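Asker: Take this structure first; my questions come after.
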Amino acid sequence: MTSRIGAIIQSAELRSATWIEGLPDGSRRDGATAINAICSALVKRKTPIRPTAEVVSEEGLKSDPKFPKTQTIYNSHRELLRIWSESYRRIMNVNIDAPLRSDKVAEIDTGLMDVATGNLVEHLKAIISELTNRCNVLKRIIDEAVPVGGALTQTADETESTILGLKEWLDRMPNGFFVLDELGLRTTRKTPVGAIIMAKDQYDRLKRLTDEALRSFRANESAS
């Protein structure tokens with residue numbers, strides 16, 4: 001288990017270091033290095049903490065009054081947050097016990113259970129078996145009906161990372177340079193000219209996800 005977590009950490013360290021090396025020398029690279037150190041420390045804790053922009057800024061300001069503020073971290077160093085947030089999620093998933101596979105349900109021995117409990121478990125085993133068979137049939141139907149290229153090309157990890165990024169963006173927008181009121185999400189007099197509304201990589205991932213989802217939905221509708 002430890003080796004798997006160690007591999008996740010090493011991957012994040014390599015990816016973040018590569019990203020930082022691509023930045024020009026100067027204050028932005030220095031800020032990225034400091035932010036990266038905080039993100040790494042949060043994820044490496046005995047009980048990992050997800051490195052959001054707010055948490056990273058709060059941690060950094062404890063020892064450095066000039067540490068980047070929340071909006072700066074989000075606008076300029078979004079990729080570091082994505083890398084370490086993904087590592088946090090993977091580590092937390094590693095620590096969760098794997099669920100019992102459906103093919104192992106049939107092996108549950110009810111012989112030592114009392115009659116009432118045994119009958120209930122046997123009934124549940126029958127239901128799970130039937131549902132599993134139905135799902136397998138449905139999968140075959142979908143595989144045969146959906147044309148090549150109709151499925152999403154994003155992996156499950158990439159899709160979840162995109163959704164997490166969108167959730168973080170939705171939570172942050174009304175609390176920064178923008179305001180959410182009855183009219184919608186809009187700029188104010190305090191919004192600086194050129195303020196980033198959404199990081200380009202997040203926009204590209206959302207655009208790709210929605211385009212592929214629509215293609216998949218239309219392919220399923222055509223097959224039905």
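The values are calculated or read from the model by the stated rules, or taken from the named source; none is laboratory data. Keep in mind that what you see is a predicted model, and the values were worked out from it rather than measured. As a convention, Cβ positions derive from the backbone with ideal geometry for all residues, glycine included, and neighbour counts pool all protein chains shown.
Asker: Name the single residue that is modelled with the lowest pLDDT among those in the range 93-107 being over 30 Å from ARG50 (Cβ atoms) and exposed (fewer than 13 other Cβ atoms within 10 Å of the Cβ). Explain how you work it out, then say what you get.
Answerer: Within the range 93-107, the first condition is being over 30 Å from ARG50 (Cβ atoms), and the residues that meet it are 102-107.
In the following step, the residues that additionally are exposed (fewer than 13 other Cβ atoms within 10 Å of the Cβ) were identified as 103-104, 106-107.
Numbers: ASP103: 67, LYS104: 70, ALA106: 73, GLU107: 75.
Per the stated criteria, the residue is ASP103.
Asker: How many residues does the range 33-64 contain that are among the basic types (Lys, Arg) and touching a Pro at 6+ places or on another chain (Cβ under 6 Å)?
Answerer: 0
Asker: Let me ask something additional. List the residue pairs whose Cβ atoms are under 7 Å apart, where the first residue sits in the range 4-15 and is under 13 Å from ALA37 (Cα atoms), the second is among the hydroxyl-bearing types (Ser, Thr, Tyr) and surrounded by 14 or more Cβ atoms within 10 Å (Cβ to Cβ), and the two are 6 or more positions apart or on different chains.
Answerer: ILE9/SER87; ALA12/SER87; GLU13/SER40
Asker: Can you name every residue in the range 24-51 that is assigned to a loop (DSSP other than H, G, I, E, B) and in contact (Cβ under 8 Å) with a residue 24 or more places away in the chain?
Answerer: Those that are assigned to a loop (DSSP other than H, G, I, E, B) and in contact (Cβ under 8 Å) with a residue 24 or more places away in the chain: PRO48, ILE49, ARG50, PRO51.
Asker: Hey, among the residues in the range 66-91 that are farther than 19 Å from ARG172 by Cα and in contact with a Pro (Cβ under 7 Å, 6 or more places away or on another chain), which one's surrounded by the fewest Cβ atoms within 10 Å (Cβ to Cβ)?
Answerer: ILE91
Asker: Of the residues GLU21, GLU54, which is surrounded by fewer than 18 Cβ atoms within 10 Å (Cβ to Cβ) and either touching a residue at least 12 places away in the same chain (Cβ under 8 Å) or closer than 21 Å to GLU168 by Cα (or both)?
Answerer: Step by step, each of GLU21, GLU54 is checked, and only GLU54 is surrounded by fewer than 18 Cβ atoms within 10 Å (Cβ to Cβ) and either touching a residue at least 12 places away in the same chain (Cβ under 8 Å) or closer than 21 Å to GLU168 by Cα (or both).
Asker: Still on this structure, please answer the following. So, SER63, is that one loosely packed, with under 13 Cβ neighbours inside 10 Å and modelled with pLDDT of 90 or more or not?
Answerer: Against the criterion (loosely packed, with under 13 Cβ neighbours inside 10 Å and modelled with pLDDT of 90 or more), SER63 qualifies.
Asker: Just for the range 122-176: of the residues that are of a type in the set (Gly, Ala, Ser) and modelled with pLDDT of 75 or more, which one is farthest from THR191 (Cα to Cα)?
Answerer: Top of the filtered list is ALA126.
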